[in-house]
């Protein structure tokens with residue numbers, strides 16, 4: 001293949017002849033048809049022949065000698081390249097007095113006086129040395145494509161609760177008080193009603209807002225399924241759905257298909273304040289446990305060859321389980337009577353003396369006449385969690401066992417250098433010669 005190189009502005013540009021260009025086109029068509037093997041890049045991977053040329057051809061400034069698709073891969077390798085959210089308004093440190101180089105108005109180190117966003121003080125923090133503002137948290141990281149275009153990046157959700165939710169709750173509370181007052185006024189004006197009617201229940205102040213509890217809806221047959229008939233809306237819409245009790249992603253798992261939440265979504269809350277503690281609380285209370293035992297007994301009896309089935313014959317299964325419990329209790333009582341008859345009942349006999357109760361132990365230790373242990377082991381005394389009786393460098397006493405002239409030392413050799421080697425009697429003689437006394 002004849003290639004002509006032309007240098008233009010310091011760059012080498014390759015031009016092919018007409019025959020070479022025709023052969024190249026025929027080779028590309030054969031690769032697309034599967035008649036020729038696909039082109040291989042420098043890493044040994046095949047290149048899809050159907051990739052357009054404007055995508056497969058590398059830019060001129062990369063100086064690519066061999067075909068490759070590296071220019072299409074992710075080229076940013078900065079570890080700070082992320083879409084993390086930054087903490088808007090976060091504080092890191094609050095000083096007690098003014099620091100050199102800080103803002104003269106508020107006293108923060110993260111900005112200067114010109115960039116200060118606080119109200120200009122009559123006398124700045126530099127001169128008063130009071131009410132120093134905390135330093136802001138400054139984060140430097142590069143956002144990705146989604147992070148740059150996220151208009152909610154750094155938004156504080158608590159601001160919505162402060163500006164919106166509290167305002168609506170205050171409005172609802174005022175409306176509720178007004179409706180209650182109107183109802184009380186109406187009841188006081190009506191003198192023909194009985195005295196029991198004067199009691200006002202807050203839940204019945206506005207019965208029109210019970211969200212159509214007794215409304216009967218008609219189900220119409222549709223293409224998606226269903227059948228005609230009537231169904232009563234039994235859910236009170238004022239109740240909070242179980243999956244909205246705790247919005248934490250690590251909270252109890254909610255299965256939308258069966259609408260079940262087995263675990264407690266709020267395990268740390270006060271039991272007297274919560275009305276829902278998970279589906280397992282209902283499954284472990286009432287007759288649920290007895291029904292579970294009945295099912296387990298039916299399964300085990302069926303595996304052992306007994307003709308019993310809980311779904312096919314529930315009455316038969318329940319009768320067999322009832323007989324089984326009676327026989328089991330009878331055998332249990334017979335076993336208890338047999339043991340009491342053979343060994344006796346210690347509870348029915350006379351009381352054991354207090355000396356024996358306090359002196360009894362499960363461990364047995366035998367001593368000789370001299371008081372030495374022959375068999376067994378004495379009760380171990382609790383020791384400290386720190387190491388004790390550890391002597392280093394031939395010492396027979398620990399560091400700090402000797403004191404003289406506001407200095408600590410070793411009692412065995414009377415040296416005042418910690419971790420030194422013990423000199424024994426020679427050190428004591430030298431200390432006595434120096435008129436050093438033991439304390």
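The values are calculated or read from the model by the stated rules, or taken from the named source; none is laboratory data. From a predicted model like this one, the values you see are computed outputs, not experimental measurements. Cβ coordinates were reconstructed from backbone atoms using ideal geometry, including for glycine residues, and neighbour counts include every protein chain displayed.
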Item to complete: Can you work out which of the residues in the range 253-297 that are in the same structural domain as residue 314 (by TED's automatic domain parsing) and touching a helix residue (DSSP H, G or I) at 6+ places or on another chain (Cβ under 6 Å) is farthest from residue 242 (Cα to Cα)?
Response: 297
Practice prompt. Could you give me the residue pairs with C-beta distances under 8 Å whose first residue belongs to the range 416-433 and is farther than 15 Å from residue 401 by Cα, whose second residue is at pLDDT below 65 and surrounded by 13 or more Cβ atoms within 10 Å (Cβ to Cβ) wherever it lies, and which are 6+ apart or on separate chains?
Written response: 423/430
Item to complete: Give the residue that is surrounded by the fewest Cβ atoms within 10 Å (Cβ to Cβ), with candidates limited to residues of the range 396-406 that are within 17 Å of residue 423 (Cβ to Cβ) and over 52 Å from the mean Cα position of the chain (by Cα).
Response: 396
Practice prompt. Report yes if residue 309 is without any contact (Cβ under 8 Å) to a residue 60 or more places away in the chain, surrounded by 11 or more Cβ atoms within 10 Å (Cβ to Cβ) and not in a helix (DSSP H, G or I), otherwise no.
Written response: yes
Practice prompt. Evaluate the range 355-362: report whether one residue or more is at pLDDT 75 or above and either surrounded by 10 or more Cβ atoms within 10 Å (Cβ to Cβ) or part of a helix (DSSP H, G or I) (or both).
Written response: no
Discussion item. I need the full set of residues from the range 104-132 which are surrounded by 17 or more Cβ atoms within 10 Å (Cβ to Cβ) and under 40 Å from the mean Cα position of the chain (by Cα), in order please.
Written reply: 106, 107, 108, 109, 111, 116, 132
Fill in: Subset of the range 364-392 [exposed (fewer than 10 other Cβ atoms within 10 Å of the Cβ), part of a loop (DSSP other than H, G, I, E, B) and modelled with pLDDT of 75 or more]
364, 368, 369, 370, 371, 372, 387, 388, 389, 390
Discussion item. Out of 147, 101, I need the residue that is in a loop (DSSP other than H, G, I, E, B), farther than 30 Å from residue 42 by Cα and either modelled with pLDDT under 90 or not assigned by TED's automatic domain parsing to the domain that holds residue 24 (or both). Which one?
Written reply: 101
Item to complete: Using the structure shown, decide if residue 106 is part of a loop (DSSP other than H, G, I, E, B), closer than 26 Å to residue 155 by Cα, in contact with a helix residue (DSSP H, G or I) (Cβ under 6 Å, 6 or more places away or on another chain) and modelled with pLDDT of 90 or more.
Response: yes
Practice prompt. For residue 161, indicate whether it is free of Cβ contacts under 8 Å to residues at least 24 places away in the same chain and exposed (fewer than 11 other Cβ atoms within 10 Å of the Cβ).
Written response: no
Discussion item. Any residue that is surrounded by fewer than 12 Cβ atoms within 10 Å (Cβ to Cβ) and at pLDDT 85 or above - is there at least one of those in the range 64-86?
Written reply: no
